[in-house]
1. What relative contact order, as a whole-number percentage, does the chain give when Cα pairs under 8 Å and 6 or more residues apart are counted?
2. Under a plain spin-label model, where a point goes 7 Å from the Cα along Cα-to-Cβ, how far apart in nm are residue 35 and residue 116?
3. If packing is taken as the average number of other Cβ atoms within 10 Å across a peptide's residues, how do 137-148, 321-332 rank, most packed first?
4. Segment 34-134: D in µm²/s via Stokes-Einstein (Kirkwood Rh, Cα pairs, 20 °C, 1.002 mPa s)?
5. Relative to the present Cα-Cα distance, how much length would full extension add between residue 45 and residue 256 at 0.36 nm per residue of separation?
6. With N set to the residue count of segment 81-137, report its C-alpha Rg divided by 2.2 N^0.38 Å to two decimal places.
7. Taking N as the number of residues in segment 62-109, what is its alpha-carbon radius of gyration divided by 2.2 N^0.38 Å?
8. Within segment 304-342, which residues have the backbone N less than 15 Å from the label spot 7 Å out from residue 287 along Cα→beta-carbon, could you tell me?
């Protein structure tokens, strides 16, 4: 019953989150007369879908699906629409844009804003471009991964479902993610791990940001019926280029825990410090690596230290499909009951990026 209740709560939270984000006011619809010219002379007219991870996503009216272009090979770009533009320095703009041809990579050929008052930067200083569109759903970006393994010798199986979605509006970003793992044997015991995370961040300056974290975790391996964590954070982008991003943050969090072993602990609130590190790197042609590290030194239980680590390697198969390799580790140096200190897992999956 407790497992079913957790799954229902997880789904309810996800639905409520999407409903709240869907209330964002609409703006003017996106035009379809944008112009892109590549350095080999190819010229395309259609709709700029966005730029991220060194890929310019573009769709012409005669294309069944959008294509991904290497940003370094784009020579000219014209559009009459407004975009959310993020630079490698961390600066954010919501304005018009234009890319002019340049003979050298050091030329400031990317223009943001009206012609006479435009901010000029180098092309490769542009980290992300997001259309300011009418539809909330078209501004969502994320991925879905599904993995399954089976061993006939001992009838052991494991399934994993991972999904995440991010919505950005000017200096604000909201990210929701779900990670669910279930393993067992036909004639043996089963084990499950479910986690839901919601992350909010607001850019305060080109390098600094503030935000909040909300996390639900259930782990049979650690006899953890439910751990609820909520906290605030302040962070800084240590490195942000067109290929790599490294971010360090810290803050305070409150935690409520409930274990499934005897003697059952009543739900109590704990105070923790919070230290975290985000790392993401990618290559246009194939590979992306992302890692997320969280450390919770307890302020209410001296000597207790909790750690969460997750790392994902994704390799493009074709278009938006990819193969994934995932590693996670949850560690608790001093559980309040007799339970396992760590829960570690490795899995592979096939996923879709949107």
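Any read-out appearing in this document is the output of simple, stated calculations on the displayed coordinates, not a laboratory observation. For clarity, every value in this text was computed on a predicted model and none was experimentally measured. Methodologically, a virtual Cβ is constructed for each residue, glycine included, from the backbone with ideal geometry; neighbour enumeration extends over all protein chains shown.
1. Numbers: 887 pairs, mean separation 36.2, N = 354.
Averaging sequence separation for qualifying contacts and normalising by length gives 10 percent for the chain.
2. About 2.3 nm separates the two model spin labels.
3. Working: 137-148: 16.3, 321-332: 18.0.
Sorting 137-148, 321-332 by mean packing, highest first, produces 321-332, 137-148.
4. Values: Rh = 13.6 Å.
Once the numbers are plugged in, D ends up at 157 µm²/s.
5. Numbers: separation 211, 0.36 × 211 = 75.96 nm, distance 5.41 nm.
Full extension of this stretch gives 70.5 nm more.
6. Values: Rg = 11.8 Å, N = 57, 2.2 N^0.38 = 10.2 Å.
For segment 81-137, the normalised Cα radius of gyration comes out at 1.15.
7. Working: Rg = 12.9 Å, N = 48, 2.2 N^0.38 = 9.6 Å.
My calculation over the Cα atoms of segment 62-109 gives 1.35.
8. Residues 312-317, 323-326 fall inside that zone.
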